[in-house]
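Working notes, beginning with the structure itself.
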Amino acid sequence: MGQDFNLYASKETQAAMPPEDLKLMQQLLPQWAGRNVILVSKKDINPGMPTNGSATNDQLYTRNFLTFLNGLPLEKQTSAAKSPNSLQESYKKAAAGEFAAGDAPQFKAAGFMTVAVDYDHLNQIIPAGLAGMPRGTIMNVPGTSKDWMLATVAHETGHLASVDSDAAAHKDMAGKYNKKDDNLVYTTGREIAADKKGLTNYFTLQAQTPGINKDVPKTFMELRALGTIRTSSDEIMAWGGNNALTSFMSAPTDHGTSGALKIEDNKVVDVKNARPGVVDAAVIDVNTRVHLLLGLEYGDKVSAAGKKLATDRADVILGIFDDPANKAQAREKGQTVEQALGEEIGPKRAALFKQMSTDPKGRTVMTTMMEGAALAHFDPVREYVAMRFLYEKGQFKTPEQQKIVKDYIDAFEKHVSVSKEDLAKAQGYFDDLNKDWPKLQRQEKAMPYVQQAVDASKAQLHEPHAILDASAPPTTGMA
């Protein structure tokens, strides 16, 4: 006999949801997550906290939710509400049943989840977010806002269902590097698991429930193909993706799940041999080629302000070894910055960054890459043209690279709204690249460090990862 789990939410969040949808959440979320679920929404935001139009996870752990969760008087909540890690800390307490007396039993093995309570345009907002594109640019999207809300919460409960122990949840939420697991693929593995479990649950619900759109999961993964290239969780996110030279944080590709999953006959199917590490390496290599191509071809057309941004970003990346805070943090562990960085991205890549940081040519390569990344981010049509151009030239060699790029091209052509002006620009970009291709090949070949960076990434990302074995699925504490 299975254990019964419950859904908990503040009165404000409950009141903001349509009663029938709240009832559906109460039925589905604990069942899908396999644990108690603590639901939070923008109604739980402290009015005194800046939101910039959207709620982040940290901002969601605030006045109303604190009152509901701990039963503390408002004046005692100030320090917790201001703590940037308060939501993560509370998750750890919830998972371990460490809340105040009287609260611990129902929150044992609980997980947090955010939910939208305003459904207006969710069938535009969520698809655009998945694709890493501006709202209003995505077309041919099936389903209602409620369908997309269900697909989203299905994904998030997929995360919660992957938490296989309190200890694993604590380790995950603490964000600590684990040499055995290799956090370079940790986030991607978690997202693959959440997409697979979540969309499988969506299909099951759709088969049992009239009115739920069956085509949403397929479109979800098509849009993931765009987002696999265009989104990331690390600092380079503002530039539209990562590559082997600019990616040094813990999750190079983050939500890059399209290389590992596909939809067939209303089922979520694994792509053969597509381990998270292999997918990560493929995405990094694809972005490296695309951003370098754009930087070489169009770097001279970047505005002065854009060039300054690219140069500043390159300086930040390569200045990591001279940063006083990084040095102090490394010293506390009895390490150099290079050694500490090596624990995050692998010693080969850390050594490569160190070498580049002392070589003016290395800074030039990094700046060129950053210019290309900026061009790709701010002009999706230009990014698409570069991707398709290299694909048609046979420049993506591995099956993983080819699938990721082909899925991106197909999704762009199906789902991205392109104006006549954009079509004219696209043709111009194709003409530029075709005309300059021999020169671009020579320039790329002459660029120092590029191949070494790709090789270093592969060396790190292609190593076996025990936590990603079938017997030990990736763990997570929260989306």
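The values are calculated or read from the model by the stated rules, or taken from the named source; none is laboratory data. Treat the numbers as computed from the prediction; the structure is a model and nothing was measured. Here Cβ is always computed from backbone atoms with ideal geometry, including for glycine, and neighbour counts include all displayed protein chains.
Taking Thr368 and the conditions (1) under 23 Å from Gly299 (Cα atoms); (2) surrounded by fewer than 14 Cβ atoms within 10 Å (Cβ to Cβ); (3) among the hydroxyl-bearing types (Ser, Thr, Tyr), which numbered condition does it fall short on, given that it satisfies the others? All conditions are met except number (2).
Scan segment 193-215 residue by residue and report those that are among the hydroxyl-bearing types (Ser, Thr, Tyr) and out of contact with any Gly (no Cβ under 9 Å at 6 or more places or on another chain).
The initial filter retains those residues of segment 193-215 that are among the hydroxyl-bearing types (Ser, Thr, Tyr), namely 200, 202, 204, 209.
The answer is Tyr202, Thr204, Thr209.
One residue stands out in segment 316-326 among those that are exposed (fewer than 14 other Cβ atoms within 10 Å of the Cβ) and not β-branched (Val, Ile, Thr): the one that is nearest to Ala453 (Cα to Cα), namely Gly319.
Considering only segment 327-346, how many residues are more than 24 Å from the chain's Cα centre (by Cα), over 19 Å from Ala314 (Cβ atoms) and surrounded by 13 or more Cβ atoms within 10 Å (Cβ to Cβ)? Show your work before the answer.
To start, the set of residues in segment 327-346 that are more than 24 Å from the chain's Cα centre (by Cα) comprises 327-339.
The next check asks that each one be over 19 Å from Ala314 (Cβ atoms); those that pass are 327-336, 339.
With the extra rule that they be surrounded by 13 or more Cβ atoms within 10 Å (Cβ to Cβ), the set shrinks to 327, 329-330, 335-336, 339.
Residues flagged as more than 24 Å from the chain's Cα centre (by Cα), over 19 Å from Ala314 (Cβ atoms) and surrounded by 13 or more Cβ atoms within 10 Å (Cβ to Cβ) within segment 327-346 amount to 6.
Scanning segment 323-334 finds no residues that are part of a strand (DSSP E or B), of a type outside the set (Lys, Arg) and in contact with a helix residue (DSSP H, G or I) (Cβ under 8 Å, 6 or more places away or on another chain). Of the residues making up segment 259-269, those that are over 19 Å from the mean Cα position of the chain (by Cα), part of a strand (DSSP E or B) and touching a residue at least 24 places away in the same chain (Cβ under 8 Å) are Ile263, Lys267, Val268. Among the conditions (1) of a type in the set (Val, Ile, Thr); (2) more than 28 Å from the chain's Cα centre (by Cα); (3) buried (at least 21 other Cβ atoms within 10 Å of the Cβ), the only one that Thr358 does not satisfy is (3).
If the condition is being within 11 Å of Val216 (Cα to Cα) and under 18 Å from the mean Cα position of the chain (by Cα), then segment 125-147 contributes only Pro127.
Do we find a residue being within 26 Å of Gln441 (Cα to Cα), at pLDDT below 85, of a type outside the set (A, V, I, L, M, F, W, C) and assigned to a helix (DSSP H, G or I) anywhere in segment 282-291? Don't jump to the end; show me each part of the working.
Residues of segment 282-291 within 26 Å of Gln441 (Cα to Cα): 282-291.
Pick out the ones that are also at pLDDT below 85 and you get 282-285, 288.
Going one step further and asking which of them are of a type outside the set (A, V, I, L, M, F, W, C), we end up with 285, 288.
With assigned to a helix (DSSP H, G or I) added as a condition, the list becomes 285, 288.
Looking for residues that are within 26 Å of Gln441 (Cα to Cα), at pLDDT below 85, of a type outside the set (A, V, I, L, M, F, W, C) and assigned to a helix (DSSP H, G or I), one finds at least one in segment 282-291, hence yes.
Within segment 387-415, being assigned to a helix (DSSP H, G or I), in contact (Cβ under 8 Å) with a residue 24 or more places away in the chain, over 27 Å from Ile126 (Cβ atoms) and touching a Phe, Trp or Tyr at 6+ places or on another chain (Cβ under 8 Å) holds for Phe389, Leu390. Pairs meeting the criteria (first residue in segment 297-312 and within 17 Å of Met447 (Cβ to Cβ) and in contact (Cβ under 8 Å) with a residue 60 or more places away in the chain, second residue hydroxyl-bearing (Ser, Thr, Tyr) and surrounded by 18 or more Cβ atoms within 10 Å (Cβ to Cβ), beta carbons under 7 Å, at least 6 apart or on different chains) are Gly299/Thr368; Ala310/Thr367. Of the listed requirements (1) closer than 24 Å to Gln443 by Cβ; (2) in contact with a Leu (Cβ under 9 Å, 6 or more places away or on another chain), Asn326 misses just one: (1).
Among the polar types (S, T, N, Q) and free of Cβ contacts under 8 Å to residues at least 12 places away in the same chain: is that true of Gln335 in this structure? Steps first, please.
Working: among the polar types (S, T, N, Q): yes; free of Cβ contacts under 8 Å to residues at least 12 places away in the same chain: yes.
Judged against the criteria, Gln335 is a match.
Candidates in segment 371-403 are the residues that are surrounded by fewer than 21 Cβ atoms within 10 Å (Cβ to Cβ) and hydroxyl-bearing (Ser, Thr, Tyr); of these, the one that is farthest from Gly428 (Cα to Cα) is Thr398. Residue check: Gln443 meets all listed conditions (1) farther than 19 Å from Asp285 by Cβ; (2) at pLDDT 85 or above; (3) polar (S, T, N, Q) but one, namely (1).
Within segment 394-407, does at least one residue satisfy the condition of being small (Gly, Ala, Ser) and either modelled with pLDDT under 95 or within 24 Å of the chain's Cα centre (by Cα) (or both)? Walk me through how you get there before you give the answer.
From segment 394-407, those small (Gly, Ala, Ser) are 394; that's our starting set.
So of that shortlist, the ones also either modelled with pLDDT under 95 or within 24 Å of the chain's Cα centre (by Cα) (or both) come out as none.
No, there is no match, as no residue in segment 394-407 is small (Gly, Ala, Ser) and either modelled with pLDDT under 95 or within 24 Å of the chain's Cα centre (by Cα) (or both).
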